[in-house]
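Inspection log for the structure reproduced underneath, given as C-alpha cells.
Just so it is clear, none of the values below were taken in a lab; they were calculated from the coordinates. Because the structure is predicted, anything quoted here is derived from the model rather than measured. Using ideal geometry, Cβ is built from the backbone for each residue, glycine included, and neighbour counts are taken over all protein chains shown.
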Amino acid sequence: MRLFVSVDLPESLVDPVRDLQSAFADADGLDPVDPANAHVTLKFLGDLTDEEYEDAVAALERGVEAAGVGPFEASFEGLGVFPSMEYISVVWLGVGAGADHLTALHDAFEREYAALGVEPDDHEFTPHVTLGRLRHAGGKGRVREVVRERTPDVGAMRVGEVRLTESTLTHDGPEYETRERVPLR
C-alpha cells in the first residue's frame, strides 16, 4: 500500500482552495488537484507491505510524541512553485502561522521513518498544499504571473491530528483513504 503522513484541510477550506485554483484556469497544462483532497504532506512513505504497516503506525505515534507539538492554528496563505520559477512542476499554497509546528512534525517523522529504512527527503521541507501540477511549459507564463501578483489568504484551521493516508492511483487521479489518526497532545 502507498502511504503518506498528512494534515488534511477541513471541508470549510475546500471552496476557498477551489476559488484560488480558478485564478490558474487558463494556464495551459496545469492539472488542478481536487480541493476535497487538499492536505499538507508531512512525510511520503511510499509502498509498504502489510508487515511494514504496523511499524509505520508505531513510528507515526512516536513521531507525534517526539515532536512535542500540541494542537495549533495553521493559516494557509501565499503562493509558490517547485522546484523554481524557471522550471515549474508544482504550484502550491503556503502555510503562514503554524509552519514551525508542521516543520517540527515533519522533522520528527523523518527521524522515525528513517530508522525503519524509509529514505529521507532530498530537499528542504516547505509546508504547503499542492494546488496543481504543470504537465508542460505551455502555462508557465500564466502561473508565474499569478504567483507574482497574488498573495491569497485562504483561511485557517485548528490542527489537532495527523493522519496516515493510503493513496491509490487511478486514471481519474489519486484516491485517498485515512488509515490511522493520531491526535496531537
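Structure above, values below:
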| item | result |
| --- | --- |
| Extension gain, E86 back to D19 (0.36 nm per residue minus Cα-Cα distance, nm) | 21.6 nm |
| R133 versus E73: modelled label distance in nm, points set 7 Å from Cα along the beta carbon direction | 3.5 nm |
| Charge dipole magnitude, Cβ of K and R +1, D and E -1 - segment 90-144, Cα centre, debye nearest 20 | 680 debye |
| Entry for volume of the Cα convex hull per residue in Å³ (calculated from the structure that is shown) out of (1) 161; (2) 112; (3) 192 | (2) |
| Potential extension, D153-L169 segment - 0.36 nm per residue separation minus Cα distance | 2.7 nm |
| The chain: most fluctuating residue of H136, H106, H39 per GNM, C-alpha cutoff 10 Å | H136 |
| Sparse-neighbour loop sites [chymotrypsin sites (Phe, Trp or Tyr not before Pro); segment 40-113; at most 14 other C-beta within 10 Å; DSSP] | Y87 |
| Estimated 222 nm signal from helices in the chain, with DSSP H stretches of n ≥ 4 weighted -39500 (n - 2.57), rounded to 500 | -9000 deg cm²/dmol |
| Only Lys, Arg (+1) and Asp, Glu (-1) charged, at Cβ; the chain dipole about Cα centre in debye | 620 debye |
| Loop-located GluC sites (Glu not before Pro) in segment 51-117 whose Cβ has at most 10 other Cβ within 10 Å (DSSP) | E86 |
